[in-house]
Amino acid sequence: MQQILPAGIPAILLVLIAFMVLFSLFTLLSRKRRIYKVVEIAAVALIAITSFSMLLSGYNSNFLYLFQANAFSELLFGALSIGIFLILLISFDSEPQAETAMFVSFVMLGLFMVAFAYSIIAIIVGLEFVILSTVFMILSYGKKYLEPALKLFVLGAISTAIFVVALALLLPYDSSLSLVGIAAAGAGKFIVGLSLVLFVAALSIESAAFPFNLWVPDVYDGAPGNVTALMAGINKKVSFIAILEIFLIVFASYGIYGNSQLISQAFFLISILTMFFGNLVALVQKNIKRMFAYSSISQAGYIFIGISAATHLGIEASIFYIIAHMFMIIGAFAIVFWLETKNIRSIEEYAGLKDRNAFAAVSLTILMLSMAGIPPLVGFAGKFVLFSSAVYANDIILALIGIANSFLSIYYYAKVINQMFQTREVKRIRPGINIIAAVTICLIFVIAVGIYPQLLLGWASTAASVLVH
Amino acid sequence: MYLLYLLLPLLLGALAAFICSFSSGAWRYSKYAGLGGAVASSLLTLFAFLKQNTIQLGQLQWFTAFHSTFAISLSFGYINQVLLAVVAVISPLIFFYSIGYMDVPEENSRYYAELSLFAASMMLLAVSGGFITLFIAWEGLGITSYLLIGFWTNKDAPQYAARKAITTIIIGDMMMLSGILVIFASLNTFNFSTMISEIAAMSTVPISIVAAFVLIILGAFTKSAQFPFHEWLSDAMEGPTPVSAFLHSSTMVKAGVFVVALLLPILAQLGLLNMILVFGIISAVIGALNAAGSTHIKKILAYSTIEDLGLMFIAIGLNALAAAMVLFIVQALYKALLFMNAGSIMKANDEETDLYKVSSFSKNRLLFATALIGALSIAGIFPFSGFFGKLAVDSAGLSNSTVYIVLIVLDFATGFYIFRWLFIPEKNEKKDSEIRLRAKYASQPKSMTVSQVILAALVIFLTALFLYTNIEVNVGAAIVLTAGAGFGILSAYLLFWRLAGLAWERSRTRNFLSKGFFVNAAYLAIAKGTRALSTAIEEIDYFINRIVYLGAFGVADLGNSIRRSETGIVNFYAAAVAIGIFMMLLLLVLLV
């Protein structure tokens, strides 16, 4: 592999592809011309393949003073590129085509910057790219989406402001702003603690941790389904990448991270509160998108379990679950989005879905069972490793609360499943081939990795050893 | 690895049936897919028994995380063989019975797919040698049981019953998984045999491990419908009758007994047997009393299953594993048989379930004969094989006089309620449509009759097997058992045959017994509490929202309604962020 990919080329190639896609769309894409979309989807697939081939060849390098490539960035960028590929696939037919494609490319650029960040500047610019382009993407769907767009914009701005203040607190001790450089600098414990708290707050807004997540259901519910899939599948995961990078690289050498340390305690509480908030409120939801919004909040809580454990296994489990949840939620929202275009929105209207379309009912069932953590699906494997990591870190309480929550979640999933498999006199409908393809990819992942988690777990372990030694 | 192949035909059968469901005409093949899978799987099991010395019990590496390997481990020990044999014998018969019973063309494919998946989970459970394998099978059983109980989607009652069952079972799963993780954290193994030897080597066992095993026992109780988790089983009778015969009497409910039996050496060492004994006694008594009070043709059998399972736990609680296993085997046969009889009656009476409304067993001689064999077997009358199961448990009970007295009373009660079940329909008033009914009884589908006859033959054949193996019989206990059961049958005869049962049926005692001891009311209270908590959190959410909204209303421009509501809500979010930061700073000050 090393011969095929000479040093320095692949990473630059990635940037070039991203820009090429961006500008080709910006200038060339006119409405209803599908060929450009096909080209773009192919380009995203190419990017994902490049990223994974870099991972396989063990490629490591720094470039442009801003970026670095290592196993962690390559794995997460590759996986999330597949997510973006799926998003493009499900929004293939949705109007407005040009803007959707363009803003997704911007999100991709932001994702690249965060995943490959070597400097904190790259992270902050990347996060801004992701949030702002999502705001404009929502807006491009029409005036009635002003409300969710505005909410997302305001919360994004708050997040950025807090982030910058947090960064400013560290700046006097190291002006290089590189992840490794800051790590080597020394500062007073209280200043570092303050900065850390602000970083947690800033990143928790996007990653939907309690109590920074109250905006999530409103925005997820208000936005069009494919943008919701983007927010739940990609945006949230990007901020998790930022969390992993900032807390495990920057704060690692301050000795403030690690078991029984402040940050673990903070994530311990955040994890418990987020899980309970998401699951308990999801129980009483009547709208399917709000239910999935609360469910995805609780799923973020599970990811925090691994971060709180602060061990190699914990980080490995978190990375595994970040990727697993991306596939599950994008698959689910693909179906929800398609049904939304047919004006089927509330859980009650999902009654008799099996008679409308058996494929949608069966695959939504599998995806929801996976989110609930039923073996042999990927959700079970992910939660199993997460809870094991908590047990290893002597956080049995956290593991037990996690288990309790994952069983709690079965109730609202079972409610929907129960509705879907009732017999009703309804008209049959068929999804487009693009929806079927996207959902099928998600299902293959959920089942294959669920049966044989080692496929992903090995890579996650390699990626985790970049962050935790 | 060979043992995993046992599952393969069933999984293929499930897949084939599932595929059939997508084509409008293919439903008629799905039953053969299901039956074929079950028969093939049973033949493979037979082969495994014949060649058991050559079976390789390798571990299938599943995944490794950090320094631990998670593996699918298999086992073919004595207890595994017992469960495997029961499943392999019963499952083809159930599939065969279903062919006659399930005359709903459009739902057939779904039924056979779910039933095959269930049978596969059961096989996996039977060959499991470690907690990972066990838990995967355990979850599979829970889900398929949920689907099968709620099979009639056009009615409400089965949906409620299914929800109740899954709720109880999930509580059990939760306790089970918690226990497994705690054990894994302290012993670093999922494998039963390693676990047993490691704990045996300990001089003092940490309290956390004891607690973990208590959780596992409680988890086992939920699956096996023991007090206080027994109420779901009687409601589960809303499912199709072959499902009741398969899942809820002979196989799935045994999963809990199976787990406890596997872990018996550890539980004995940790001194947890008394707990099992006490819960077993309570459940057995409650089951027997409820069975005497109910008039639902299937629920009586369900309560009787609770009693049987309680008896098995009593035997295990007395550390008499062999006795529990004998009852384990014979109970599967006679209870499946009795359920099939009940199904035949219901089918001939247009799904009527009230004992006082159905017409008699004896309209079909064969049906009456098989039902009589089943009833005599469960009552514990020689020469039917149930006798040996009851006798084994009674003999084990001799070591403890209190337990033995309870067992004698239970012997009496069993004879009483099962013959009540058999006699009441005989004395029902003749209906106008007598001729039509007779025709219906006579035209019972062949597959149903044949499976009942085979099971009845097996019940008798097992006696021959027991006699052939020269088991030790405690003559005193045998006489007491026969006397107790005989007295029960006699009381039932006097009350329900001679007096046609009115005195008993109108008594306050029966009325009280049919209430189920208010366990359901306790469940409802807990459920309401949880629901209230969930709603309360949302209410608080709205309440805070409202306050902030009003605050914004005060300061913002009154005329601009859009701005008012929007900024109100976003203000609220920002306020929440600020509160969050404040709380974390508090944490920082406290910790640094």
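If you go through segment B:1-53 and keep only what is hydroxyl-bearing (Ser, Thr, Tyr) and in contact with a Pro (Cβ under 6 Å, 6 or more places away or on another chain), you end up with B:SER41, B:SER42. Whether a residue is in a helix (DSSP H, G or I) and either within 19 Å of the chain's Cα centre (by Cα) or aromatic (Phe, Trp, Tyr) (or both) was assessed, and B:LEU337 passes this test. Among the candidates B:TRP152, B:TRP138, which residue alone is outside any helix (DSSP H, G or I), in contact (Cβ under 8 Å) with a residue 60 or more places away in the chain, out of contact with any Ser or Thr (no Cβ under 7 Å at 6 or more places or on another chain) and at negative phi? Selected residue: B:TRP152, the only one of B:TRP152, B:TRP138 that is outside any helix (DSSP H, G or I), in contact (Cβ under 8 Å) with a residue 60 or more places away in the chain, out of contact with any Ser or Thr (no Cβ under 7 Å at 6 or more places or on another chain) and at negative phi. Of the numbered criteria (1) more than 21 Å from B:LEU262 (Cα to Cα); (2) facing chain A (nearest Cβ under 8 Å); (3) outside any loop (DSSP other than H, G, I, E, B), the one B:ALA161 fails is (2). Look at (1) touching a Leu at 6+ places or on another chain (Cβ under 6 Å); (2) at pLDDT below 90 and you find that A:ALA317 fails only one, number (2). Only one entry in A:ALA381, A:ALA372, A:ALA414, A:ALA404 is over 19 Å from B:LEU141 (Cα atoms) and aliphatic (A, V, I, L, M), namely A:ALA404. With respect to B:ILE170, determine if the residue is under 14 Å from the mean Cα position of the chain (by Cα), surrounded by fewer than 24 Cβ atoms within 10 Å (Cβ to Cβ) and within 13 Å of chain A (Cβ to nearest Cβ). Yes; evaluated as a whole, the condition is true for this residue.
Kindly check whether there is at least one residue in segment B:78-88 that is within 14 Å of chain A (Cβ to nearest Cβ) and either touching a Gly at 6+ places or on another chain (Cβ under 8 Å) or modelled with pLDDT of 85 or more (or both). Looking through segment B:78-88, none of the residues is within 14 Å of chain A (Cβ to nearest Cβ) and either touching a Gly at 6+ places or on another chain (Cβ under 8 Å) or modelled with pLDDT of 85 or more (or both). Taken over segment B:123-135, the residue count meeting the criterion of being more than 8 Å from chain A (Cβ to nearest Cβ) and part of a helix (DSSP H, G or I) is 8.
Of all the residues in segment B:264-291, those that are crowded, with 24+ Cβ neighbours inside 10 Å and over 30 Å from B:GLU198 (Cβ atoms) number 6. Within segment A:314-356, which residues are assigned to a helix (DSSP H, G or I), closer than 30 Å to A:SER271 by Cα and not aliphatic (A, V, I, L, M)? The answer is A:GLY314, A:GLU316, A:SER318, A:PHE320, A:TYR321, A:HIS325, A:PHE327, A:GLY331, A:PHE333, A:PHE337.
Could you please let me know if A:TYR412 is out of contact with any His (no Cβ under 8 Å at 6 or more places or on another chain), at the interface with another protein chain (Cβ under 9 Å from one of its Cβ atoms) and of a type in the set (Phe, Trp, Tyr)? Taking the combined requirement at face value, the residue does not satisfy it. When the criteria are applied in full, A:GLU95 meets the requirement of being surrounded by fewer than 22 Cβ atoms within 10 Å (Cβ to Cβ) and either at pLDDT 85 or above or more than 13 Å from the chain's Cα centre (by Cα) (or both).
When residues in segment A:97-114 are screened for being touching a Phe, Trp or Tyr at 6+ places or on another chain (Cβ under 7 Å), farther than 23 Å from A:MET328 by Cβ and touching a residue at least 40 places away in the same chain (Cβ under 8 Å), 5 of them pass. Any residue at all in segment B:317-326 that is touching a residue at least 60 places away in the same chain (Cβ under 8 Å), surrounded by 24 or more Cβ atoms within 10 Å (Cβ to Cβ), in a helix (DSSP H, G or I) and not assigned by TED's automatic domain parsing to the domain that holds B:SER447? No - not one qualifying residue is present in segment B:317-326. B:ARG420 meets the conditions (1) modelled with pLDDT of 80 or more; (2) over 23 Å from B:ASN290 (Cα atoms); (3) not hydrophobic (A, V, I, L, M, F, W, C) in every case but one. The failed one is (2).
Let's see how each residue does on (1) of a type in the set (A, V, I, L, M); (2) on the phi > 0 side of the Ramachandran plot; (3) more than 14 Å from chain B (Cβ to nearest Cβ); (4) touching a strand residue (DSSP E or B) at 6+ places or on another chain (Cβ under 9 Å):
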{"site": "A:SER298", "(1), (2), (3), (4)": "no, no, no, no"}
{"site": "A:ILE307", "(1), (2), (3), (4)": "yes, no, yes, no"}
{"site": "A:ILE319", "(1), (2), (3), (4)": "yes, no, no, no"}
{"site": "A:LYS354", "(1), (2), (3), (4)": "no, no, no, no"}
{"site": "A:SER388", "(1), (2), (3), (4)": "no, no, no, yes"}
{"site": "A:ASN394", "(1), (2), (3), (4)": "no, yes, no, no"}
{"site": "A:LEU408", "(1), (2), (3), (4)": "yes, no, no, no"}
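Only a single item in (1) modelled with pLDDT of 85 or more; (2) part of a loop (DSSP other than H, G, I, E, B); (3) in contact with a helix residue (DSSP H, G or I) (Cβ under 7 Å, 6 or more places away or on another chain) is not met by A:THR423, and it is number (1).
The values are calculated or read from the model by the stated rules, or taken from the named source; none is laboratory data. Keep in mind the model is a prediction, meaning the values are calculated, not measured. All Cβ positions, glycine included, derive from the backbone under ideal geometry; neighbour counts span all protein chains shown.
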